[in-house]
1. Would you call Val359 of a type outside the set (Asp, Glu), closer than 21 Å to Lys278 by Cβ and either away from ligand 2 (no atom under 16 Å from the Cβ) or in a loop (DSSP other than H, G, I, E, B) (or both)?
2. (1) within 38 Å of the chain's Cα centre (by Cα); (2) hydrophobic (A, V, I, L, M, F, W, C); (3) more than 16 Å from ligand 1 (Cβ to nearest atom): which one isn't true of Val221, the others all being true?
3. Can you list residue pairs whose Cβ atoms sit under 7 Å apart, with the first residue in the stretch 49-62 being modelled with pLDDT of 90 or more and the second being part of a loop (DSSP other than H, G, I, E, B) and among the basic types (Lys, Arg)? Count only pairs 6 or more apart in sequence or on different chains.
4. From the list Thr189, Thr155, pick out the single residue that is open to solvent by 60 Å² or more (accessible area, probe 1.4 Å), assigned to a helix (DSSP H, G or I), modelled with pLDDT under 95 and away from ligand 2 (no atom under 16 Å from the Cβ).
5. Anything in the stretch 281-324 that is within 19 Å of Ile194 (Cα to Cα) and in contact with an Asp or Glu (Cβ under 6 Å, 6 or more places away or on another chain)? List them, or say none.
6. Within the group Ser208, Ser226, which residue is within 16 Å of ligand 1 (Cβ to nearest atom) and in a helix (DSSP H, G or I)?
7. For the stretch 277-312, give me each residue that is open to solvent by less than 20 Å² (accessible area, probe 1.4 Å) and not in a loop (DSSP other than H, G, I, E, B).
8. Looking at Leu348, Leu328 in this structure, which one is over 18 Å from Ala171 (Cβ atoms), more than 16 Å from ligand 2 (Cβ to nearest atom) and open to solvent by less than 80 Å² (accessible area, probe 1.4 Å)?
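The values are calculated or read from the model by the stated rules, or taken from the named source; none is laboratory data. A quick note: this is a predicted structure, and the numbers were derived from the prediction, not measured. For neighbour counting, all protein chains shown are included, and Cβ atoms are generated from backbone atoms with ideal geometry for every residue, glycine included. Heads up: the accessible areas ignore ligands, DNA and RNA and are worked out on the full protein's heavy atoms, side chains in. Shrake-Rupley method; radii C 1.70, N 1.55, O 1.52, S 1.80 Å.
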Amino acid sequence: MREPNEKIMNFIEKQKLPLSAIEAVEDICIHIVDKEGRTICYSKGCEKIEGEKRENIIGKKIEELYTFDEIKDNPHGSIQLKVLETGEIMKNNHVMYTSKNNKSVDVISSTYPVFSDDESAVIAAVCVFRDIGDYMKMANTIQKLKNDLNTEKITKRNNGTVYTFKNVISASSTMNECIDMAKKAAKSTAPVMIIGSTGTGKEVFAQSIHNESIVSKGPFVAINCSAIPENLLESTLFGTCKGAFTGAVENIGLFESAKDGTLFLDEINSMDLNLQAKLLRSLETKTIRKVGGNEEIPINVRIISATNQDPLQAVKDKKIRADFYYRLAVISLDLPDLKNRKEDISKLVDSFILSNSSVLGKQISKISDEAFNILLEHNWPGNIRELKHVIDQALYLSDFNETLIKAQHLPKYLFENYSKKKRLSKYLSKQKDTLKDTMKDIEKQIILDAFENSDKNITQTAHKLGMTRQNMQHKLKSYGIR
Ligand SMILES: Nc1ncnc2c1ncn2[C@@H]1O[C@H](COP(=O)(O)OP(=O)(O)OP(=O)(O)O)[C@@H](O)[C@H]1O
Ligand SMILES: [Mg+2]
C-alpha cells in the first residue's frame with residue numbers, strides 16, 4: 001500500500017485537521033481522496049454503507065475499490081475523479097456503484113475539490129454522501145405531510161373526497177371513453193362497479209363520480225372489504241345493537257354514515273359469500289338491519305364497488321355470487337392498465353411535475369427525452385401510482401437549479417428493464433432469413449456478451465449461462481470467439 005499524498009498529509013497536519021473526528025461520523029458518509037484518487041479519509045458511515053473496513057480502503061485508489069454503473073451519465077464513472085480533473089463542485093449526484101466486496105450501493109453524493117495553497121491545483125476531493133433510502137424516507141415524510149394538508153383542505157369541503165373529474169388526467173381514447181362513461185354513470189343512480197388493477201385510479205373514479213352525482217353534497221364513505229376481518233365487516237357495514245354480542249354497544253354502521261351519499265365498497269371480491277347475500281338483500285329492499293337488531297332501517301345510499309380481479313372470473317370461481325355481481329355491476333367501468341395506454345404517460349408526467357415540483361422547491365418543468373424513453377419502455381405493474389412515485393422521487397433527487405428530469409434521477413430498476421430491452425433489440429436486429437440462422441446469431445451474441453463481461457473467463461461464462469465448461473469451450477470454438 002502506498003502512502004497517501006505527502007503534501008496533503010502535511011496540509012492536514014499543518015491545519016491540525018482532526019481527520020479522526022471525520023472518520024468517527026456515522027450518519028453521513030465522508031470519503032476523501034488525494035490528487036491521485038487514493039483514499040485518505042473514510043468515515044464510519046462509509047464502512048456501514050459499503051460493508052468495508054477502513055483499514056482495507058485507506059491508501060487504495062478509486063479504480064481498485066469500485067465499479068461504477070456504466071449507464072450513469074458520467075464517462076468518468078467516479079465523480080471524485082471527475083472533480084479532481086475539473087476542480088468543479090458536483091452537488092446532489094445520484095451514483096450507483098459496486099464496492100470491493102460486491103455490495104451494490106445507491107447514493108446521493110456531493111463532491112468538493114480541495115485546492116493547493118496557491119490554488120493552482122486540485123489536491124484532494126471530498127465526497128459527502130448518503131444512502132438513497134434515507135432520502136426516500138425524507139421524501140415520503142414530506143409527501144405524507146403534503147397529503148395530510150390536502151386531506152385537511154378537503155375535509156373542510158366536508159364530503160370526504162379529494163378527487164373530481166378535473167383531476168383525472170388522460171390522453172388515450174380508451175381512458176377518454178372511461179371518463180365519458182363515468183360521467184354518464186354519475187348522472188344516474190345505478191350501482192357502478194369499477195374494475196382495474198392496482199393503481200389504475202379506481203378510487204379517483206369513485207370519488208369523481210360521487211362529486212358529479214346528485215348525492216355529491218352527501219358523504220362519500222369508503223371501505224376496503226379486504227382490510228377488515230370477516231366477522232367484523234358485517235357490524236362495520238350495518239352497525240350493532242347493544243348486547244348483540246359480548247361487549248357490543250349501540251353503533252351505527254357505514255351504511256348509515258353514508259346516508260344520502262355514496263358508499264364505496266373497495267375490493268368487493270374479498271367479501272364473504274354469506275355477507276354478500278345479506279348485502280344483496282339490503283340493496284334490494286333499500287333497508288338495513290343492525291347486527292343483533294330486528295328493526296328494518298330505510299336507507300338511501302348510492303353504491304359504488306371496485307375490484308382488482310375480473311369479476312366474471314370471480315363469479316366462476318365462486319368468490320362473488322352471480323346475483324350480487326349483477327346487482328352491483330349495473331354499470332361497469334373497466335380501467336385499462338397503464339401499459340395499454342402509454343399515450344397517457346406524457347400528460348401524467350407533466351401533471352405530476354407541475355403539481356409537485358414547486359412544492360418541493362424545485363425548478364423542474366420537463367423530462368428529458370432519454371428519461372421519457374425509459375418510462376415508455378417500462379411495463380408499470382403498479383400503474384399510475386407507480387408512475388407518480390417515480391416522478392416524485394425524481395423531483396426529490398434533482399438539484400435545486402435543474403430544470404429537467406434526467407435519466408439519472410430515475411430509480412435503478414427502470415434502467416434494468418430498459419437495458420434488457422435495448423439488449424434484446426440489439427439481438428433482434430440480427431434477424432436473418434431463417435429462424436435457425438437468426439437463433440445462431442443471437443446465441444453467439446449472448447455468449448460473446450457474457451464472455452466479455454466475465455473478463456474472458458470460460459468457467460465463469462459457462463457458470464453464468466448455466467452450461468458446463470466443456471460445452472462452453474465447444475461453443476466458443478464453433479463461433480470463433482477467442
Ligand atoms: N387518471 C389519473 N390522473 C391522475 N392521477 C391519477 C389517475 N389515476 C390514478 N391517479 C393517481 O394514482 C394513484 C393511485 O390511484 P387510486 O388510489 O385511485 O388507484 P386504485 O385503482 O384505487 O389502486 P388500488 O387498487 O391499489 O387501491 C393516486 O395517487 C391517484 O392520484
Ligand atoms: Mg384503491
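1. No.
2. Every condition holds for Val221 apart from (3).
3. Glu50/Lys103; Gly51/Lys103; Glu52/Lys100; Gly59/Arg2
4. Thr155
5. Passing the criteria: only Ala306.
6. On the way: Ser226 fails: in a helix (DSSP H, G or I).
Going through Ser208, Ser226 in turn, the sole match is Ser208.
7. Within the stretch 277-312, Leu279, Leu280, Ser282, Ile288, Arg302, Ile303, Ile304, Ser305, Ala306, Thr307, Pro311 meet the criteria.
8. Of Leu348, Leu328, the one residue that is over 18 Å from Ala171 (Cβ atoms), more than 16 Å from ligand 2 (Cβ to nearest atom) and open to solvent by less than 80 Å² (accessible area, probe 1.4 Å) is Leu328.
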